[in-house]
Amino acid sequence: MEEAQEPHIESLGHDDENEAITESSAFVKGEPPEEDSSPPKVDSEVEILHEKVTKQIIKEGHGEKPSKYSTCFLHYRAWTESTQHKFEDTWNEQRPIELVIGKEKKEMTGLAIGVASMKAGERALLRVSWELGYGKEGSFSFPNVPPMADLLYEVELIGFDETKEGKARGDMTVEERIGAADRRKMDGNALFKEEKLEEAMRQYEMAIAYMGDDFMFQLFGKYRDMALAVKNPCHLNMAACLIKLNRYEEAIGQCSTVLTEEENNVKALFRRGKAKAALGQTDAAREDFLKAKKYAPEDKAIAKELRLLAEHDKALYQKQKEIYKGIFGPRPEAKPKTTNWLILIWQWFLSVFYSLVKLFKEKRQKSD
């Protein structure tokens, strides 16, 4: 694998490769939509899912649809239909949200109806009437959602897990939840080894979704350490995939998430440095590499990246030197002065003449 010489690189697909997956699941490759402040324009047929919910497919999915109590992982953007104001965008968080069909919040009833009709990998535009959204009062969390506001959702169903023996994710113990995330991580590692980067990232995203902020906030001591031992490698392996896909800004975000928990994580510093260097942020990249070197002074991969940055800086200096040389031109050379013998003879004659005049005056003064 390309990054085998990186410092403390997560063993991708190396440990417990043969462990069976105990939950049925679905996932699919995908990519984030282009950033846009307005809802997408869609020409596909309008499908009526409910008298208050319609759907237009933007991108087809595949496989089965989630059943009741399936835990779905999705990204979405949301607008108020009347004002076209975007009030939420989960893609900006770089992690999917978790929605359990049949156990969703009241304001997400319409969204859940739409998601239940989708296949893994499908992206669609949903129109949800206010009755199945934020209702008569509007949203307290999103002040720009007024009372009785119809909503538009651009939704992508990344994947879903069917319930395990009738147990919803919210009913899992901490150990079960961390274990499920770890299996997702290992699935992602196996896909990474096959260079199926998009599919691997989907598995890492779903693993991370098992350990959202609300869940992590409740953990202390050994349980938090156990969760981070799964969660942080998923972020770092996501960064490895994103670097290979030239999605450097997203890679930086994944590494920075890890560094908020472990400020001295060598792998996070190294990969963030690589992403910054690829974006031309050489000073910031050098800062990350130097900090990584502080904790792994003998690491050859870090030394190589620092050497590449030094060579880049040298080449840039030489290029700038040539540019300035072309602007101002070469410094003019001093011309040797030619000797004018006629002037020298004339100057000698004048000096002799003035000397004789001076001598004559002195003699005359003595005689007087």
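Since every read-out is calculated from the coordinates, none of them should be taken as a lab result. Small disclaimer: the values here were computed from a predicted structure and weren't measured. In this analysis, Cβ positions are derived from the backbone assuming ideal geometry, glycine residues included, and neighbour counts consider all displayed protein chains.
By the count of other C-beta atoms within 10 Å, a proxy for reagent exposure, Tyr76, Tyr204, Tyr354, Tyr295 are ordered fewest to most as Tyr354, Tyr295, Tyr76, Tyr204. Estimated at 0.36 nm per residue, the fully extended path between Lys103 and Ser355 surpasses their Cα-Cα distance by 78.7 nm.
For the pair Ala284 and Ala229, the difference between a 0.36 nm per residue extended length and the Cα-Cα distance amounts to 17.1 nm. In this structure, Asn264 and Glu176 have a Cβ-Cβ separation that, at R0 = 51 Å, corresponds to a calculated FRET efficiency of about 0.95.
For Lys294 and Glu51, a Förster radius of 51 Å and the Cβ-Cβ distance give a FRET efficiency of 0.25, rounded to the nearest 0.05.
Reported to the nearest whole Å, the Cα centre-to-centre distance from the range 178-215 to the range 247-276 is 18. Counting only Cα atoms, the size of the range 24-163 along its three principal axes is 40, 30, 30 Å, in decreasing order. Counting neighbouring Cβ atoms within 10 Å and putting the fewest first, the residues His312, His62 line up as His62, His312.
Determine, at each q value in 0.12, 0.13, 0.24, 0.26 (inverse angstroms), the log₁₀ of I(q)/I(0) that the Debye formula gives when each Cα of the range 109-162 is one equal point scatterer. Debye intensities relative to I(0), on a log10 scale: -0.31, -0.36, -0.88, -0.95. For the pairs Lys41/Lys86; Lys185/Lys300; Lys267/Lys300; Lys41/Lys196, flag any whose C-alpha to C-alpha distance is greater than 19 Å. Over 19 Å Cα-Cα: Lys185/Lys300; Lys41/Lys196. Taking other C-beta atoms within 10 angstrom as a stand-in for reagent exposure, Glu311, Glu88 fall in the order Glu311, Glu88, fewest first. Under a model in which nothing but the beta-carbon of Lys, Arg (+1) and Asp, Glu (-1) is charged, the range 24-163 shows a dipole of about 300 debye around its Cα centre. The slack in the chain from Arg307 to Glu93, taken as 0.36 nm per residue of separation less the alpha-carbon distance, amounts to 73.7 nm.
Annotation for Val42 and Glu60: the two label points, set 7 Å from Cα along the Cα-Cβ direction, are 1.6 nm apart. Near Val357, within a Cβ-to-Cβ distance under 12 Å, what is the net charge of the other residues, with Lys and Arg +1 and Asp and Glu -1? That works out to +3.
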